[in-house]
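Worksheet: one structure, shown below.
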Amino acid sequence: MTENLQIETRGAAPREPRRFPILIPVVVIATAVSLGIYFWPGGREPLSVSKSVAHLPFGPAEQAYVSKVQFENVSMSRAENFIHQEVTTLSGELVNTGSLSLYNVELTLVFSDDLHQVVLRESRSLSGTGAVPLAAGGHREFEVSLEHIPSSWNMQLPLITVSGLQFATKKE
């Protein structure tokens, strides 16, 4: 006794329409754009302060003039930025008590720990290209933002020294 099984088909089952066929490419593109914006270099520092790529001149003339460059009303603050990183901001006033105009001033910040050991040394330029020179006898506010200060920092003001100067030319 052999039984024959017969399978009955009533036409092809209707295909369900694909839902959101374009959703996957849109999500991939949106993610790529978001990551591109997040990791794009630059744009994180204020325009008035830039990380020094090339150090400013610091020869005998510049070293002799350093005593005429002073920092006044220096203060620090800490805040959290939009990506939940703690940012430390150093602000103050740069004073040129000398007789020459300054186009650019490079300063070096030295952060120490409780044992007075250096935990961070950071150089920054206080003027950028296109900036108006700091006239003789003039003063200008400055602000430097730092994102990555070691946790061993003693929370005191850093040592601020002038590590480069660029004098303005006579035409300016």
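The values are calculated or read from the model by the stated rules, or taken from the named source; none is laboratory data. What you see is a predicted model; the values in this text were computed from it and never measured. Cβ sites come from the backbone with ideal geometry, for glycine too, and all protein chains shown count toward neighbours.
Quick notes on this one:
- Just so you know, in the stretch 108-140 the residues that are within 18 Å of the chain's Cα centre (by Cα) and of a type in the set (D, E, K, R) include one that is farthest from Asn154 (Cα to Cα), and it is Arg124.
This table checks each residue for (1) in contact with a helix residue (DSSP H, G or I) (Cβ under 9 Å, 6 or more places away or on another chain); (2) of a type in the set (Gly, Ala, Ser); (3) under 19 Å from Gln85 (Cα atoms).
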{"residue": "Ser127", "(1), (2), (3)": "no, yes, no"}
{"residue": "Ala131", "(1), (2), (3)": "no, yes, no"}
{"residue": "Gly138", "(1), (2), (3)": "no, yes, no"}
{"residue": "Ser145", "(1), (2), (3)": "no, yes, yes"}
{"residue": "His148", "(1), (2), (3)": "no, no, yes"}
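- Residue, surrounded by the fewest Cβ atoms within 10 Å (Cβ to Cβ), within the stretch 67-115, restricted to residues that are within 15 Å of Leu146 (Cα to Cα) and of a type in the set (Ser, Thr, Tyr): Ser75
- Filter result for Val105 (more than 19 Å from the chain's Cα centre (by Cα) and either closer than 26 Å to Thr161 by Cβ or modelled with pLDDT under 85 (or both)): no
- Residue satisfying all of: in the stretch 136-172; assigned to a strand (DSSP E or B) and hydroxyl-bearing (Ser, Thr, Tyr); nearest to Phe71 (Cα to Cα) among these: Thr161
- Arg124, sole failed condition from (1) surrounded by fewer than 15 Cβ atoms within 10 Å (Cβ to Cβ); (2) assigned to a strand (DSSP E or B): (1)
- Residue check for Leu126: in contact (Cβ under 8 Å) with a residue 24 or more places away in the chain and of a type outside the set (Asp, Glu): yes
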